[in-house]
Amino acid sequence: MKRTHILGSILVAAGLAMSTSSYFQGQLAQAKTYNYKVATIKQEPYVLLNDDEGKTIVDRALLAGTDWQVGKIADLNHNGTLYYQVSTHEWVNSAAVQANFDPQTGTLLTGEMQPNQTHSNTTQPNQALIGKINSTVVEVYTNNGQTVNTGDPRFTMNSAWKVNRVVKNSQGKSFYLVGNDTWISSDDMELNQAPQNVENIP
């Protein structure tokens, strides 16, 4: 996939702790105005890109406010974090952008959208269950229900995570499995649809 910046970016020196560092500069636009998949960079002042293995590319970044056509969507690190392909071997973290599409179906969205927001909580066949962080301080739980981390930097506000399992305790609180032995509660995450298979636990 060839890198496609909607508004025709230019390559400039960024000084990101390396003399060869660079980022792409462009004008502010709204992703929702395009009729194909586009991600608008929301993270200030820029976001670093990732390679095909999900590793950070320290000398490649995209400026806030620039629009980028999206190719593939993938969980590069197999931990629930979604990435959008913006060039052949470069990806941007979904938490850093405002997208004009549903990350699971590729369906374009209409209206003013928040990062990674979908239309509704209606269950759709074959649509993956995605959770969006809605808290600034997130508690992370283990399989045993123990809190292991509060304020984990991976779980930023509005970041999207693939949910592999849902359980509900006797108090009515739900927990979502988003990684290996990694759970987020319904206090800190909202789903893109009603889960179909919910396991009840004591």
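Coordinate-derived values only; no laboratory data. Note that the structure is predicted; figures quoted are calculated from it, not measured.
Using the structure shown, select from Lys55/Lys168; Lys42/Lys162; Lys55/Lys162; Lys37/Lys168 the pairs with a Cα to Cα distance greater than 29 angstrom. Walk me through the intermediate numbers first.
Working: Lys55/Lys168 34 Å; Lys42/Lys162 21 Å; Lys55/Lys162 19 Å; Lys37/Lys168 35 Å.
Table pairs above 29 Å Cα-Cα are Lys55/Lys168; Lys37/Lys168.
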With bins 10 Å wide starting at 0, give me the P(r) of segment 130-200 over every alpha carbon pair, in whole percents.
22, 60, 18
